[in-house]
1. From the residues in the stretch 38-58 that are more than 21 Å from the chain's Cα centre (by Cα) and surrounded by fewer than 15 Cβ atoms within 10 Å (Cβ to Cβ), which one is modelled with the highest pLDDT?
2. Hey, ALA114 hits all of (1) modelled with pLDDT of 95 or more; (2) under 21 Å from ASP15 (Cβ atoms); (3) of a type in the set (Gly, Ala, Ser); (4) in a helix (DSSP H, G or I) but one; which does it fall short on?
3. Could you check how many residues of the stretch 159-175 are in contact with a strand residue (DSSP E or B) (Cβ under 9 Å, 6 or more places away or on another chain) and surrounded by fewer than 19 Cβ atoms within 10 Å (Cβ to Cβ)?
4. Scan the stretch 122-132 and tell me whether some residue there is more than 21 Å from GLY226 (Cα to Cα), touching a residue at least 40 places away in the same chain (Cβ under 8 Å) and crowded, with 17+ Cβ neighbours inside 10 Å.
5. Inspect all residues belonging to the stretch 221-236 and state whether any of them is in contact (Cβ under 8 Å) with a residue 40 or more places away in the chain, surrounded by fewer than 19 Cβ atoms within 10 Å (Cβ to Cβ), of a type in the set (Gly, Ala, Ser) and out of contact with any Pro (no Cβ under 6 Å at 6 or more places or on another chain).
6. What are the residues in the stretch 298-315 that are part of a helix (DSSP H, G or I) and buried (at least 20 other Cβ atoms within 10 Å of the Cβ), if any?
7. Filter the stretch 243-274 down to residues that are assigned to a loop (DSSP other than H, G, I, E, B) and among the charged types (D, E, K, R) and give me whichever is surrounded by the most Cβ atoms within 10 Å (Cβ to Cβ).
8. Show me the helices (runs of 4 or more DSSP H) found entirely inside the stretch 122-226 where at least 2 residues are at negative phi and touching an Asp or Glu at 6+ places or on another chain (Cβ under 7 Å).
Amino acid sequence: MAVIDMHSHFFPAMDAAYRARAEAEGLPWLREAGGGKGFIMQGAKEFRPVEDILWDPARRVEALDEQGIDLQILCATPIMFGYNRPPADALDSAQRFNDEALAFCGYAPHRMKALAQVPLQDIDMSCAEVSRAMATGHLGVQIGNHMGLRNLDDEGILTFLTHCADVGAAVLIHPWDMMARERMPKYMLPWLVAMPAETQLSILSLILSGAFERLPKNLRICFGHGGGSFAFLLGRVENAWKHRDIVRVDCPHPPSTYVDRFFVDSAVFDPRALSLLIDVMGEDRVLLGSDHPFPLGEQDIGSLVRGHDGLSGAQKAKILSGNAKAFLNL
């Protein structure tokens, strides 16, 4: 059974000049520590320990072989978005990183493909860069689920999403810069609590604002991490839509009717959660996604789907690869 992992990350190669600039300006960069170990740095501070599978394409392909993954889709680590930087600087980095992503995948182009990144703080630059990226070999683009205080229903972001539909770019929405960090200083709680909330917020911003009524039907958009808390709380949203006019004022149809407008990945780590996700979204709207190679990702990629007793062989085939082919237009 073919296996396509559509949600994984990499870190681009950087020359000494870029690393020195990044360290001085507080930007993300990679410090190798030897023995296949390293750190993602944020300026002079250590942000996260990592291993060479994140930056070495040969090691990545070895891991894909070990785990039985036929094709993996890579995108930037979200700390690299650069949305708080001057637009021209963010564009320069996005172009550099996008070219590095293609070079990384070029080690084994039949095993790895890339999603680009864009300077979302400038919509014109973002549209131009996603067009360039698609022309050079990317399958689509990864963006954060918000830009400062602007959610996905922001007019500029809707313009960008419409442009993605026009150029055939698949869009992966990834949570980042999680809310209320000051209340979650320990235990990785921003990743455990706020990340699912951020993802649900981004989905509901498109549904309740009526944005899906205006976006092209051919837009292919996927929300990572199982759509966050959306599937579990859809009943709450549906009830609110029925009984409160301030909830449905811009949303002409029940929220549940919009689940055919987007995809989610399968990174939910529990068979009961996966059953609910498939029940809510439908078996054609769930894609295998691992968040590989980070510790909070699926360590044995695809094992949740493969080992699920409640799924038929046909359903497993859809989630493991068939749905990704449709989403990525392969």
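1. Filtering the stretch 38-58 for residues that are more than 21 Å from the chain's Cα centre (by Cα) and surrounded by fewer than 15 Cβ atoms within 10 Å (Cβ to Cβ), the one modelled with the highest pLDDT comes out as ALA58.
2. All conditions are met except number (4).
3. 2
4. no
5. No; the residues of the stretch 221-236 include none that is in contact (Cβ under 8 Å) with a residue 40 or more places away in the chain, surrounded by fewer than 19 Cβ atoms within 10 Å (Cβ to Cβ), of a type in the set (Gly, Ala, Ser) and out of contact with any Pro (no Cβ under 6 Å at 6 or more places or on another chain).
6. Of everything in the stretch 298-315, those that are part of a helix (DSSP H, G or I) and buried (at least 20 other Cβ atoms within 10 Å of the Cβ) turn out to be LEU304, VAL305.
7. Among those that are assigned to a loop (DSSP other than H, G, I, E, B) and among the charged types (D, E, K, R), it is ASP250.
8. Fully inside the stretch 122-226 and qualifying: 195-208.
The values are calculated or read from the model by the stated rules, or taken from the named source; none is laboratory data. Here the structure is a predicted model, which is why all the values come from computation and not from measurement. Heads up, the Cβs are rebuilt from the backbone with ideal geometry, glycines too, and the neighbour counts pull from every protein chain shown.
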